[in-house]
1. Could you tell me whether the stretch 125-145 includes any residue that is touching a helix residue (DSSP H, G or I) at 6+ places or on another chain (Cβ under 9 Å), buried (at least 23 other Cβ atoms within 10 Å of the Cβ) and in a loop (DSSP other than H, G, I, E, B)?
2. For the stretch 229-265, what are the residues that are under 25 Å from residue 180 (Cα atoms) and not in a loop (DSSP other than H, G, I, E, B)?
3. Give me a count of the residues in the stretch 76-91 that are more than 16 Å from the ligand (Cβ to nearest atom) and free of Cβ contacts under 8 Å to residues at least 60 places away in the same chain.
4. Could you check how many residues of the stretch 41-50 are over 26 Å from the mean Cα position of the chain (by Cα) and within 8 Å of the ligand (Cβ to nearest atom)?
5. Tell me which of these residue 223 doesn't satisfy, since it passes every other one: (1) within 24 Å of residue 123 (Cβ to Cβ); (2) part of a loop (DSSP other than H, G, I, E, B); (3) free of Cβ contacts under 8 Å to residues at least 24 places away in the same chain.
6. Hey, among 27, 66, 62, 37, which residue is within 20 Å of residue 136 (Cα to Cα), without any contact (Cβ under 8 Å) to a residue 24 or more places away in the chain and either more than 16 Å from the ligand (Cβ to nearest atom) or assigned to a loop (DSSP other than H, G, I, E, B) (or both)?
Ligand SMILES: [Zn+2]
């Protein structure tokens, strides 16, 4: 019962954070500040607090503005819901994760600010083909924390582990950087280079190798499917940021790494 009540509170917190992320994504892309009241993007009418209740207002208004009846983007409820589900599952992972007292703060930070940062990157890249530096920086800081923690956990191996983690992250970033450079930004944006540096630091060596290839494989499969479906043409760029995050997430699951490395060797 306590668990259910806690989950509900965290779910609502996730909805509220998700609602804020929508503002960050939309206004950030337009170069607007975060201050000022929320308004309909079509008719500019200020929204009342009832229209700002995450998820519920979208459902009650059937996805339309109450004044001008213009359709509201699906981005709003989806980001709110994704953040809420991410928070609740993160909470359960923390709760049952058997974390040591030293690894708890980083795991908590990873969930509390890492999930919002990833959502901002995924949606911004899909909708506007940009990856906000601020969100990448948050992931990069979590990554540095993860490297410190992994290397400090094994006395005597600290320097070796840290060097391997940093080395693989730089190698992944250098590979994307050369793709970005030689294609003149056609295949890849520089935001992808910075993002893979951050996510590789988070997953560390050797998982970062699996993460890198998972990102390429999933991105290629999605690209081929989009071309076959006639939604994209060969020369069009497909946002790669979401696949970098997907690859890193998949590589964090020990079983996936096991299958991956047994395929390789
Ligand atoms: Zn309106």
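1. Yes, the stretch 125-145 has at least one match.
2. 241, 242, 243, 244, 245, 246, 247, 248, 249, 250, 251
3. Residues of the stretch 76-91 more than 16 Å from the ligand (Cβ to nearest atom): 77-91.
Those still in the list that are free of Cβ contacts under 8 Å to residues at least 60 places away in the same chain too: 77-78, 89-90.
Going through the stretch 76-91 one residue at a time, the tally reaches 4.
4. Residues meeting the conditions: 4.
5. Condition not satisfied by residue 223: (2).
6. Selected residue: 27, the only one of 27, 66, 62, 37 that is within 20 Å of residue 136 (Cα to Cα), without any contact (Cβ under 8 Å) to a residue 24 or more places away in the chain and either more than 16 Å from the ligand (Cβ to nearest atom) or assigned to a loop (DSSP other than H, G, I, E, B) (or both).
None of the figures in this text is laboratory data; all of them are computed from the coordinates on show. Since this is a predicted model, take the numbers as computed values, not measurements. Quick reminder, even Gly has a Cβ in these numbers, built from the backbone with ideal geometry, and neighbours come from all protein chains shown.
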